[in-house]
Amino acid sequence: MAINEQQYKEIKNKLNNYDATLVAVSKTKPIEDIQALYAFGQRDFGENYVQELTDKQSQLPNDIRWHFIGHLQSNKVKYIAPFVHLIHGVDDYKLLREINKQAAKHKRVIDCLLQVHIAQEETKFGLSDEELKQIINEVISNPSALNNICIKGLMGMASNTDDEHKTGAEFRHLKGLFDKYAALSTSNFRLSILSMGMSSDYIIALEEGSTMVRIGSLLFGARDYSKAG
Ligand SMILES: *Cc1c(COP(=O)(O)O)cnc(C)c1O
């Protein structure tokens, strides 16, 4: 479907009021759709699958900031390490070590977000509050082990529900964790990004303190789920 410029502008205006960044989630969508949004000025795009991301990256302008928002497998980090702008879904210290190793090969520092499990559904990835605390302790107690990554913030996905109070409570919980750990700061741990909110709940997320929303279907139209892994 054609990208709706009016819709894009409205979302951008709303985000401006909150000083929040828009990541346009282009997974399963063709190159032409990304080019259309790019022409309107959009530069931050999010993808969930490594192969799809590298295919698209190789065909599109170099000033696009690519966000990896899916579940990243350690053995695939090397394919995105040369160019990825921000990895949203880190939920494992070993994965952080691998990102660090691959980033070092390219003499880069790769920015990462820690994904926290805030929804009640069991299928979603992410750290429990306790696991979050442990991984942060590991990162800040030995910063020289991870010179090529920087933890820039937290990411979370709310339950898939029509209950706005529940969604709001889940986001508020994540914002509470964010505020708590934002008080800490080391060479590779400085929280400034709170990535929460998608097409169905981004307004609630903004109200609860999101600084970065990940919006797909509202911009690009519904996805064909038979193709989305
Ligand atoms: C697909 C996806 C989105 C975007 O979802 P929409 O409902 O289409 O806006 C946001 N975040 C993550 C992690 C996703 O996988």
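The values are calculated or read from the model by the stated rules, or taken from the named source; none is laboratory data. All figures in this text were calculated on a predicted structure; none of them were measured in a lab. Glycine gets a Cβ as well: all are built from the backbone with ideal geometry, and neighbour counts include every protein chain shown. Calculation scope for accessible area: heavy atoms of the full protein, side chains included, ligands and nucleic acids excluded. Shrake-Rupley method; radii C 1.70, N 1.55, O 1.52, S 1.80 Å.
Computed quantities for the displayed model
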read-out: Per residue, in Å², the accessible surface of the chain once ligands and nucleic acids are set aside, probe 1.4 Å; value: 48
read-out: Mean-position separation - Cα centroids, segment 110-146 and segment 156-200, in angstrom; value: 12
read-out: Too-long pairs where the Cα-Cα distance tops 22 Å, listed order kept, from K27/K76; K94/K180; K12/K107; K94/K175; K78/K107; K152/K175; value: K94/K180; K12/K107; K94/K175
read-out: Residue (of I11, T54, T21) at the positive-pole extreme of segment 5-223, dipole from beta-carbon charges; value: T54
read-out: Karplus 3J(HN,Hα) series, Hz, for segment 147-156 with 6.51 cos²θ - 1.76 cosθ + 1.60 (x for Gly, Pro); value: 6, 10, 10, 9, 7, 9, x, 10, 9, x
read-out: Computed magnitude of the charge dipole of segment 59-160 (debye, nearest 20; Cβ of K, R +1, Cβ of D, E -1); value: 640
read-out: Probe 1.4 Å - accessible area at I69, Å² to nearest ten; value: 20
read-out: Magnitude of the charge dipole, the chain, Cβ model with Lys/Arg +1 and Asp/Glu -1, debye to 20; value: 940
read-out: Full-stretch length increase - I203, R223 - with 0.36 nm per residue and alpha-carbon distance subtracted; value: 5.1 nm
read-out: Residues whose placed amide H lies under 5 Å from that of R65, excluding near-sequence neighbours; value: D44, F45
read-out: Partner lysines for K29 [C-alpha distance under 18 Å; skip if fewer than 8 residues away on the same chain]; value: K56, K227
read-out: Within the accessible area of the chain (1.4 Å probe), percent carbon and sulfur; value: 46
read-out: Descending Cα extents along the principal axes, the chain, whole Å; value: 49, 42, 33
read-out: For the chain, calculated [θ]222 nm from helices alone, where every DSSP H run of n ≥ 4 adds -39500 (n - 2.57); value: -12000 deg cm²/dmol
read-out: Y79 accessible area, 1.4 Å probe, all protein chains in place, Å² to nearest 10; value: 120
read-out: Two-site label geometry, K166 and Q73: point separation in nm, points 7 Å out along Cα→Cβ; value: 3.2
